[in-house]
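In what follows, a single structure is set out as structure tokens and then discussed.
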Amino acid sequence: MPVDKRPTRTDEDELGRRIDILDAARRVLDRSEMDGFTLDDVTAELGLATGTLDRSVPTREALLLALTADEYTVWFDRLDREVPASSDVAATVVAACMAQPRLLRLLSVSASVLGRTVPVDTAHEFEATLIARRSATAALLAERLPTTVAGARRLLLHVHASAVGLYHHAIPTAIGRQSVAGPIDATEPEADLELELLHAVRALVAAVPVIRQQVARRRDR
């Protein structure tokens, strides 16, 4: 019986390949409009033949989801380091957001793009990891704010929603920039994303005790 001499990939090989793919994807994404981001561009960045990524990254959206998960990990890691010693939780959360413009870009399209052709198991793994990290960070936030872990999770959810909504106003797409070019620019000042997000997160943090009381009243009914 002939012996199969084809080399087999080890876990270390797979991890190295994933790191290379994500690094190449970041470079492509950083110089592209979101609609122009393609798997072909990523394979070209890696110097590979078209279609080579299909096994490890079956779709463009799956690759974007992997990038989002990686960016989220960096964001949560930063919060976990800085929140325990922070004297201004709102400013710490916003600084972590602003330090990762790529994450903000990805979150701004997550609802409309990332759910299109992502394999169910991939999406499930992403959601499970996100929930676990959010819960861990919420526990740290709950120690710094007058709220429960559940309340801190809710706060993080609202921070996400605020960041996405404000991003669309502050950072318009190429088509959006063309559509507002002209006299309207003089009458509608551009939104300062960091300033507006800080305003929103401060309001959310200030509302934490009120929301906690409202939730308690509902449970008592």
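The values are calculated or read from the model by the stated rules, or taken from the named source; none is laboratory data. Fair warning: this is a prediction, and the values are worked out from it, not measured in the lab. Cβ atoms come from the backbone with ideal geometry, glycine included; neighbour counts cover every protein chain shown. The accessibility values were calculated without ligands, DNA or RNA, using every heavy atom of the protein model including side chains. Shrake-Rupley method; radii C 1.70, N 1.55, O 1.52, S 1.80 Å.
Rounded, prolate or oblate, given the Cα gyration tensor of segment 1-157, with a/c below 1.5 counting as rounded? Prolate is the answer for segment 1-157, as a/c is 1.5 or above and a/b outweighs b/c. Potential lengthening of the chain between Ala132 and Glu12 amounts to 40.7 nm, from the contour at 0.36 nm per residue minus the alpha-carbon distance.
Of the accessible area of segment 6-136, computed with a 1.4 Å probe over protein heavy atoms only, carbon and sulfur atoms account for 53 percent.
Rolling a 1.4 Å probe across all protein chains gives Met34 an accessible area of roughly 20 Å². Dividing the mean sequence gap of close Cα pairs (under 8 Å, 6+ apart) by how many residues segment 73-175 holds gives a relative contact order of 31 percent.
For Ala150 and Glu82, what does the FRET efficiency come to when R0 = 22 Å and r is the distance between their Cβ atoms, rounded to the nearest 0.05?
0.50
Please state the shape class of segment 64-161: rounded when a/c is under 1.5, otherwise prolate if a/b exceeds b/c and oblate if not, all from the C-alpha gyration tensor.
It is prolate, given that a/c is not under 1.5 and a/b is the larger ratio.
Stretching the chain fully between Ile19 and His124 yields a gain of 35.7 nm (0.36 nm per residue, less the alpha carbon separation).
Among the protein heavy atoms, those of Leu195 account for about 100 Å² of accessible surface (1.4 Å probe, every chain in place). Restricting to DSSP loop positions (anything but H, G, I, E, B) with no more than 14 other Cβ atoms inside 10 Å of their own Cβ, which trypsin sites (Lys or Arg not before Pro) remain in segment 92-132? Passing both the DSSP loop test and the Cβ count: Arg116. Rolling a 1.4 Å probe over the protein heavy atoms gives segment 61-126 an accessible area of 42 Å² per residue.
Which net charge results for the neighbourhood of Ala99, defined as the other residues with beta-carbon distances under 13 angstrom from its beta-carbon, given Lys and Arg at +1 and Asp and Glu at -1? Surrounding charge for Ala99 is -1.
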